[in-house]
């Protein structure tokens, strides 16, 4: 059994004002997804599924396809749109914001039938991250509710050009996730202390070695059916709101707290970096250049 890689790419167009980041950040014109997919191939993944939007599907598929990856991995596409909702629900008038990361995962429910990992399209996770999660996923065939994630040190996931959002993890002594809290507006203050801004505007410090999620999760296929059921409940409570989103941490916490699932937090030596802001691009270019010079790529 080969696991599948699910790439959340539906937000690419809006976040960057088009697909400009696909011009390439590697020394040979590679884009970040090139590194992720090639690392996944090395780690034994057999298929990659891209969650995109119809508005840029043609441009995306011309560049990102099986031939682009040397036909070494199967490629499929699914589409996240606002109106892709369970029966009986409709988009509230005036809502433009997407339904969130866990809604994006649900778009793949018809094409994924094996253990799978998910990543963000514009994040670099490092080869070891894929090796660790790929190896673990291969042990989960024909299981349910045994999920996993790769945890990263908070201090290694910040941007120098603005604040970020991260899933802050609470881990038990056995290395399983107890709960995850989505924190927004995380950054360093003038004194270099890492802090986040709460919903009431208050600031709170976070330790540099705090384990955070970078959306490198591993799930078994039952996650798709169970989180679709949960989405119906979520819509009943939040479906008429303009900005609420169905986040992965919400679903994961719900399944852990109910006793349905466990989530193993996997250790990695990989360094994360990403293009959260356009201004992050020079840093990414320099880091990738160094990785090529070191012979890693």
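Points worth noting:
- Fluctuation leader among 246, 125, 147 - the chain, Gaussian network, Cα springs under 10 angstrom: 246
- The chain - share of DSSP beta bridges that are antiparallel (%, nearest 5): 55
- Whole-percent P(r), the stretch 16-139, all Cα pairs, 10 Å bins from 0: 11, 39, 35, 13, 2.
- Mean residue ellipticity, 222 nm, helices only, the chain: the sum of -39500 (n - 2.57) across DSSP H runs of n ≥ 4, divided by residue count and rounded to 500, is -8000 deg cm²/dmol.
- Choice from 55, 227, 202 showing the highest fluctuation, given a GNM over the chain with Cα pairs closer than 10 Å: 202
- Quotient of C-alpha Rg and 2.2 N^0.38 Å, computed over the stretch 152-245: 1.28
- The stretch 247-297 and the stretch 125-186: distance between their alpha carbon centers, rounded to Å: 7
- C-alpha center-to-center spacing [the stretch 89-122, the stretch 40-83] in angstrom: 15
Bear in mind these aren't lab numbers, they're just calculated from the coordinates by the rules spelled out. Computed from a predicted model, the values in this text were never measured in an experiment.
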